[in-house]
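Below is one structure, written out as structure tokens; comments come after it.
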Ligand SMILES: *[C@@H]1O[C@H](CO)[C@@H](O)[C@H](O)[C@H]1NC(C)=O
Ligand SMILES: *[C@@H]1O[C@H](CO)[C@@H](O)[C@H](O)[C@H]1NC(C)=O
Ligand SMILES: *[C@@H]1O[C@H](CO)[C@@H](O)[C@H](O)[C@H]1NC(C)=O
């Protein structure tokens, strides 16, 4: 072969392989981490990268005056809802434990650790003693009557209301979920050499698990007000199994294995769930145990779930797996993330990876537009998100900014919006919160899935 021919062959190979990789997954990871940064509350560090955000809610306090500032706002609002927060952190930590290389190839490992630590530092605060857990800071109704900047919220009426779970007010779903998040995060920090921080997280995870299992009760019964926002429909059996599984992975202790086996049978977790969400962790348990334990019953359950997702679950005309209209893309991302994990456990690897890439690429542009703010072609510009809807100071910010037709003045980089309906229809309208909400939960499975995509496809 002549040098010129060789050159042309090599060139076309490069072009072809680049052509397959239509989207810059590394950039999506960078932006998703910026979204989490924009959701931070408390005292922001000097290296804050979101110029339109400042300190907020420094007065958040527990019933005994404990400092509960910090953590993350849930969505476009400013409540710290403990259940979806813990779920988002457990998903992010899982992705960081098993797709480290994806983050490293993207050059985002340090930022990912910082975002996980921001959540964990708050969780250390909201669990001040073994049987006390603050499951919520702020009140949904009060909060949703306000539209403006979190920095402008008047705290002159005293600290925001809080919900404290304890031995007489149990909250097994939330305690179990937060235990799982802290156990998973302890693995990520231990792998990074942060032994003492990992030990602290693991100690909290153990205590929360004991709290969840010893004082059993549904958090919707201890705190009826949560029913309007993040009720638990699947009960706590899935969270108990989920946290026992992570504690087993973090410690290798036989007691936790005996426990997840017990919860698996007591709560009938072998069936095929019809979603994977902040509430319903059954599929998560199946997939995690398919890899961590490896017994046939877990592998069979994980495979049935993913085969259902790929072959049977409803799809839109353009091919998006459509599980619910509420955050359709988040539901799709969650099942993609789980099935990529199943692929890594050696179950139908190529099929699940191809499916995952097709779904993620739909969100990044293959459907005709991007659904990630600040990324790609025609991204959403009007998320249902108060702080980014405000102009630069000193302009005021209120309900007029909610209703205005213009794009949000601040670009909320990296947020995945709720998404299209079952016919791929989507309108970029701030007032339509079904399609345009953005949440900690929506980005968690998504970021994990994209990290795994980057693990597979990004070059270093
Ligand atoms: C449990 O928390 C509730 C508030 O949620 C509080 O009224 C009660 O005194 C606490 N009970 C214990 C045993 O700490
Ligand atoms: C983790 O370890 C790195 C490297 O030693 C250090 O820079 C970082 O501050 C540590 N983080 C925590 C949470 O301990
Ligand atoms: C709380 O959630 C559980 C589990 O979904 C459910 O069985 C129970 O009826 C709910 N309780 C209330 C008061 O809504």
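List 360, 124 from most exposed to least, where exposure is judged by having the fewest other Cβ atoms within 10 Å.
Arranged by neighbour count, lowest to highest, 360, 124 become 124, 360.
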**OP:** For n ≥ 4 DSSP H runs only, could you compute -39500 (n - 2.57) per run for the chain, divide by its residues and tell me the 222 nm figure to the nearest 500?
**Re:** -15500 deg cm²/dmol
**OP:** For the stretch 3-457, go through all pairs of different Cα atoms, get the mean of 1/r, take its inverse, and jot down that Kirkwood value in Å.
**Re:** 22.2
**OP:** Calculate the tail of P(r) for the stretch 47-121: the fraction of all Cα-Cα distances greater than 16 Å, expressed in %.
**Re:** 60
Original post:
According to the Kirkwood expression over distinct Cα-Cα pairs, how big is the hydrodynamic radius of the stretch 143-267, in Å?
Top reply: 16.1
**OP:** Could you list 385, 413, 284, 218 in order of exposure, starting from the residue whose Cβ has the fewest other Cβ atoms within 10 Å?
**Re:** 218, 413, 385, 284
Original post:
Fewest to most neighbouring Cβ within 10 Å: what's the order for 210, 195, 460, 41?
Top reply: 460, 195, 210, 41
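Since every read-out is calculated from the coordinates, none of them should be taken as a lab result. Here the structure is a predicted model, which means the values were calculated and not measured. Glycine gets a Cβ as well: all are built from the backbone with ideal geometry, and neighbour counts include every protein chain shown.
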